[in-house]
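Trainee: Dropping a structure here in structure tokens format, bear with me for questions.
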Amino acid sequence: MRLINRHPGRAARLFLGSLPFLILVVAYLVASAARLADNPGDKLLPALSSFAQAIETMALTPDRRTGAYLLWSDTWASLTRLWAGLGIATAITLVMGLAIGVLPVMRALLAPVVAFASMVPPLALLPILFIALGLGETSKIALIVIGVTPFLIRDLSLAAAALPREMIVKAETLSASTWLIALRVVLPQVMPRLLDSLRLQLGPAFLFLIAAEAISADSGLGYRIFLVRRYLSMDIIFPYVAWITLLAVAMDLGLGGLRRLMFPWWGLEGRR
Amino acid sequence: MNAITVENVWKEYGDQIVLENLNLSIAPRAFVALVGPSGCGKTTFLRMLLGQERPTRGRILLDGAPLPPEPGPDRGVVYQRYSVFPHLTVLGNVMIGTELRGARLLGRRFGAARRALADDSRAMLAEVGLAGSEDKYPAQLSGGMQQRLALAQALMMKPRVLLLDEPFGALDPGIRADIHKLMKRLWNEVPMTVVMVTHDLREAFTLATRILAFERLRDRPEERLRYGATLSRDIDVWPPRIAGRTTLYDADIPPGQDDLTAFGQVPGTTRHTGAADHAAHSPLA
């Protein structure tokens with residue numbers, strides 16, 4: 001039988017999917033054990049016990065100076081910034097993306113400037129944001145908004161413009177106004193796409209968040225990583241990176257589930 | 001008065017002349033089939049009737065008044081594809097027209113108004129043979145059922161003119177015959193004029209009262225740009241079909257009793273079948 005026709009079963013898929021993770025973990029443990037055998041004081045690849053201890057210090061023990069549980073207060077600070085940024089970006093996208101996608105006049109007015117803005121490297125704007133908005137929360141949220149919104153707008157307006165013309169004409173023959181076409185025909189059909197492109201923008205959003213926190217903050221996941229870097233505390237950095245990844249994966253799955261829940265019709269077309 | 005009057009209409013895209021010098025009038029309650037080879041401007045003509053495109057020259061009148069420059073609820077349409085909204089259930093698709101017309105801010109009805117509309121919509125769905133599928137999404141319906149839904153959705157607006165753009169072209173022959181029966185019944189019962197684009201002559205003669213053929217009269221390569229298609233044939237189908245009545249050939253005639261004049265009940269070539277009475281009790285009327 002040709003390889004292209006071999007489909008793994010359920011158990012085989014589970015095994016194959018977890019194989020790379022296992023290999024990574026084993027490779028780490030072997031390398032770590034080898035380095036620690038050479039030099040018990042090695043900080044580069046700590047043993048699992050050091051991780052457990054670091055996690056206990058960060059997550060389960062109040063900080064000696066502030067009394068806060070650092071992992072949780074860092075997580076809360078970062079997620080607040082991230083969600084504020086993504087929320088504002090989504091709101092702007094819904095208004096501008098729909099306007100560009102539905103109205104030829106707005107497309108002529110806004111599409112060029114959005115295309116231009118999406119090419120500005122957001123991190124290069126960070127100094128400007130820090131100068132103009134100060135070092136507080138505003139500049140960090142603004143960086144996420146600026147970095148993410150142009151792509152969301154372009155994606156949404158393309159999706160709206162790609163709806164078949166017949167559907168718009170049909171809505172007109174059902175006495176819809178421009179506003180009602182946008183509200184009841186275009187918006188519900190581009191919402192699943194918006195959720196999907198939001199999932200794709202989670203990566204960049206975390207990138208902007210951590211970059212901003214690394215440069216200037218007093219709490220946050222990115223701040224902590226760059227703070228303990230000075231002491232070569234790999235035992236803290238590794239769990240933090242894993243935690244950030246886990247948060248991003250959870251948000252990705254959550255948005256995917258939300259889409260399936262809210263838009264059960266999405267994807268029916270292809271499956272039939 | 002004519003339902004649709006087309007006066008000296010030309011359609012050009014830049015240098016390309018697509019349709020030239022169309023003059024015709026369509027009687028109210030007629031069922032007109034537009035036939036012709038691919039690229040002869042049938043669909044362009046339908047789009048002009050719809051208001052999606054405007055004639056380059058000439059004018060089109062609807063019930064004696066100039067055609068509005070954009071599509072509206074007086075002209076319904078059913079396409080071969082994309083006629084129904086994939087994000088609404090079957091019931092939602094039938095309700096949306098009335099909702100859009102009544103609720104100009106949110107496009108939704110609530111409470112008692114919504115329940116009444118849902119009841120009307122269910123009756124309409126039963127009329128087109130979709131009872132029981134109310135909660136499905138269009139993608140879960142077969143092609144024939146999707147087109148039935150599209151017809152129900154369009155008819156909820158009680159359009160004066162129903163425009164059909166090859167609506168049954170993608171259906172299997174058996175399903176197509178079923179939906180032809182439905183289309184005939186709807187045309188008999190609903191007070192509307194129908195204009196249908198089709199490439200299937202058999203379909204045209206099965207359904208229509210009148211057949212318009214578009215053709216390029218000059219079709220040499222060097223002539224194609226500067227000469228468009230025009231009306232080449234205008235055929236009244238015989239025996240004449242009259243909306244609300246059944247023709248001799250469509251009637252159920254018991255064997256051995258085919259000389260209908262012997263019963264003294266038949267005016268001309270048509271006879272009353274009670275379809276109009278049925279229409280009076282139907283939710284479609």
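The values are calculated or read from the model by the stated rules, or taken from the named source; none is laboratory data. Please read all numbers here as calculations on a predicted model, not as lab measurements. Backbone-built Cβ (ideal geometry, glycine too); neighbour counts: all protein chains shown. Note: areas computed on protein heavy atoms with side chains; ligands, DNA, RNA excluded. Shrake-Rupley method; radii C 1.70, N 1.55, O 1.52, S 1.80 Å.
Trainee: Could you list, in sequence order, the residues of the range B:107-133 that are under 25 Å from the mean Cα position of the chain (by Cα) and either within 14 Å of chain A (Cβ to nearest Cβ) or among the polar types (S, T, N, Q) (or both)?
Mentor: Passing the criteria: B:Leu117, B:Ser121, B:Met124, B:Ser133.
Trainee: Residues to consider are B:Asp258, B:Asp200; find the one that is at pLDDT 85 or above and either acidic (Asp, Glu) or in contact with a Pro (Cβ under 6 Å, 6 or more places away or on another chain) (or both).
Mentor: Checking each option against the conditions leaves just B:Asp200.
Trainee: Let me ask something additional. Could you tell me which of the residues B:Glu189, B:Glu166 is acidic (Asp, Glu), open to solvent by less than 20 Å² (accessible area, probe 1.4 Å) and under 14 Å from the mean Cα position of the chain (by Cα)?
Mentor: None of the others qualify; the one that does is B:Glu189.
Trainee: Considering the range B:105-134 alone, what residues qualify as being open to solvent by less than 90 Å² (accessible area, probe 1.4 Å) and under 16 Å from B:Gln146 (Cα atoms)?
Mentor: B:Ser121, B:Met124, B:Leu125, B:Ala126, B:Glu127, B:Val128, B:Gly129, B:Leu130, B:Ala131, B:Gly132, B:Ser133, B:Glu134
Trainee: Which members of the range B:56-83 meet the condition of being more than 8 Å from chain A (Cβ to nearest Cβ), open to solvent by less than 40 Å² (accessible area, probe 1.4 Å) and outside any strand (DSSP E or B)?
Mentor: B:Leu67, B:Asp74 - these are the residues of the range B:56-83 that are more than 8 Å from chain A (Cβ to nearest Cβ), open to solvent by less than 40 Å² (accessible area, probe 1.4 Å) and outside any strand (DSSP E or B).
Trainee: Scanning for something more than 10 Å from chain A (Cβ to nearest Cβ) and open to solvent by 50 Å² or more (accessible area, probe 1.4 Å), does the range B:84-102 turn up at least one residue?
Mentor: So far as the range B:84-102 goes, no, none of its residues is more than 10 Å from chain A (Cβ to nearest Cβ) and open to solvent by 50 Å² or more (accessible area, probe 1.4 Å).
Trainee: Something else: Please specify each residue of the range B:211-255 satisfying the condition of being assigned to a loop (DSSP other than H, G, I, E, B), among the charged types (D, E, K, R), under 20 Å from the mean Cα position of the chain (by Cα) and modelled with pLDDT of 65 or more.
Mentor: The answer is B:Arg241, B:Arg245.
Trainee: Also, I was wondering about something else. Just to be sure before I move on: is B:Leu34 within 14 Å of another protein chain (Cβ to nearest Cβ) and either at pLDDT 90 or above or surrounded by fewer than 22 Cβ atoms within 10 Å (Cβ to Cβ) (or both) in the structure I sent?
Mentor: no
Trainee: If we keep just the residues of the range A:167-214 that are among the hydroxyl-bearing types (Ser, Thr, Tyr) and out of contact with any Phe, Trp or Tyr (no Cβ under 9 Å at 6 or more places or on another chain), which is most open to solvent (accessible area, probe 1.4 Å)?
Mentor: A:Thr178
Trainee: Here is a list of conditions, (1) more than 11 Å from chain A (Cβ to nearest Cβ); (2) touching a residue at least 60 places away in the same chain (Cβ under 8 Å); (3) surrounded by 23 or more Cβ atoms within 10 Å (Cβ to Cβ), and B:Ala154 meets all of them except one; can you say which number that is?
Mentor: The single condition B:Ala154 does not satisfy is (1).
Trainee: If I ask for residues that are outside any helix (DSSP H, G or I) and either loosely packed, with under 10 Cβ neighbours inside 10 Å or touching a His at 6+ places or on another chain (Cβ under 6 Å) (or both), which ones from the range A:1-29 would you list?
Mentor: Passing the criteria: A:Met1, A:Arg2, A:Arg6, A:His7, A:Gly9.
Trainee: Could I ask something else about it? Is the range A:136-147 home to any residue that is surrounded by 15 or more Cβ atoms within 10 Å (Cβ to Cβ), of a type in the set (Lys, Arg) and within 21 Å of the chain's Cα centre (by Cα)?
Mentor: Checked against the condition, which is being surrounded by 15 or more Cβ atoms within 10 Å (Cβ to Cβ), of a type in the set (Lys, Arg) and within 21 Å of the chain's Cα centre (by Cα), the range A:136-147 yields at least one hit.
Trainee: Does the range B:39-46 contain at least one residue that is in contact with a helix residue (DSSP H, G or I) (Cβ under 7 Å, 6 or more places away or on another chain) and either part of a strand (DSSP E or B) or open to solvent by 10 Å² or more (accessible area, probe 1.4 Å) (or both)?
Mentor: Within the range B:39-46, none of the residues are in contact with a helix residue (DSSP H, G or I) (Cβ under 7 Å, 6 or more places away or on another chain) and either part of a strand (DSSP E or B) or open to solvent by 10 Å² or more (accessible area, probe 1.4 Å) (or both).
Trainee: Moving on. Check off (1) open to solvent by less than 20 Å² (accessible area, probe 1.4 Å); (2) in contact (Cβ under 8 Å) with a residue 24 or more places away in the chain; (3) within 11 Å of another protein chain (Cβ to nearest Cβ) for B:Leu49 and give me the number that stays unchecked.
Mentor: Failed condition: (3).
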